[in-house]
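Novice: Below you will find the structure I want to go over with you.
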Amino acid sequence: SDGPLANKDQLFVRFVPDYRLTADVQVRGEVARPGAYPVRAGGTRMSEVMAAVGGLLPSADVSAIHVHRPRRSGTAPDPDLAARIQAAQRELSVSEYEALQAQIANRSEDFDVDWTQLLAHPRSLDLLLRDNDVVTVDRLRSSIRIGGQVVHPGVVEFIPGMPLEKYVEQLGGFSVYL
């Protein structure tokens, strides 16, 4: 019967026949415990991995959790696709270019997951994470949207105490009413 381990104990693990190394994913950013986490050979649901990391921090941007899936070794880029991308800048029709964009999107190895939507629809949106995936949870950035009579309406980072004129300046200033 093995007793509990104590401080400064040393443990030696012998080789176990048929032992298989586990696959893992890296989780970074605004989570309770960032690091490497094991996934099953067939993959592990994103919700399971996020539970293992202790969940998201209050500062997390839950609307766009990034998942990067490195290209599997042995899969080379499609040379025909690369040639078509170069030709797209010169000679593809609009419909050909849209078809190419759809093909590129299907080959994408990067995903953005909206955590709120995943929780609302877990059966359809709970991504299966695989070995070597990297999950990055960015910090939520405070922002404001400015529209109307400005040169370039859009979204800018909110900085407490910054006057309205500075935000408008970032968007090109006030537009001239004609």
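Novice: Beta carbons within 10 angstrom, averaged per residue: use that to sort the peptides 2-13, 115-126, 158-169, 51-62, highest first.
Specialist: Going by the mean number of other Cβ atoms within 10 Å, highest first, we get 51-62, 115-126, 158-169, 2-13.
Novice: Now, a different point. Taking the Cβ of Met50 as the center, what net charge do the other residues with Cβ under 12 Å away carry, scoring Lys and Arg +1 and Asp and Glu -1?
Specialist: -1
Novice: Using θ = phi - 60° and the Karplus curve 6.51 cos²θ - 1.76 cosθ + 1.60, what whole-Hz ³J(HN,Hα) does each residue of segment 159-168 get, with Gly and Pro shown as x?
Specialist: Calculated HN-Hα couplings, in order: 10, x, x, 6, x, 3, 4, 5, 5, 4 Hz.
Novice: Binned at 10 Å from 0, what are the whole-percent values of the Cα-Cα distance distribution for segment 126-178, short to long?
Specialist: Going from the shortest bin to the longest, the percentages are 21, 33, 17, 16, 12, 2.
Novice: Using a 7 Å offset from the Cα along the Cα-to-Cβ direction at both Ser95 and Ala36, what is the distance between the two label points in nm, to one decimal?
Specialist: Distance between the two pseudo-spin positions: 5.1 nm.
Novice: In nm, to one decimal, how far is the modelled label at Leu140 from the one at Phe111, with both set 7 Å along Cα→Cβ?
Specialist: Placing both labels 7 Å beyond Cα along the Cβ direction yields 2.4 nm.
Novice: A further question follows. Pulled fully out, how much extra length does the chain show between Thr22 and Gln170, if you take 0.36 nm times their separation in residues and subtract their Cα-Cα distance? Spell out each step's value before the answer.
Specialist: Values: separation 148, 0.36 × 148 = 53.28 nm, distance 4.91 nm.
Fully extending the segment from Thr22 to Gln170 adds 48.4 nm.
Novice: Skipping prolines and chain starts, which residues have an amide H placed within reach, meaning under 5 Å, of the one on Asp24, given they are 5 or more residues away or on another chain?
Specialist: Val39, Asn132
Any read-out appearing in this document is the output of simple, stated calculations on the displayed coordinates, not a laboratory observation. The structure presented is a predicted model; accordingly, all values stated were derived computationally and were not measured. Note: ideal-geometry Cβ built from the backbone for every residue, glycine included; neighbour counts use all protein chains shown.
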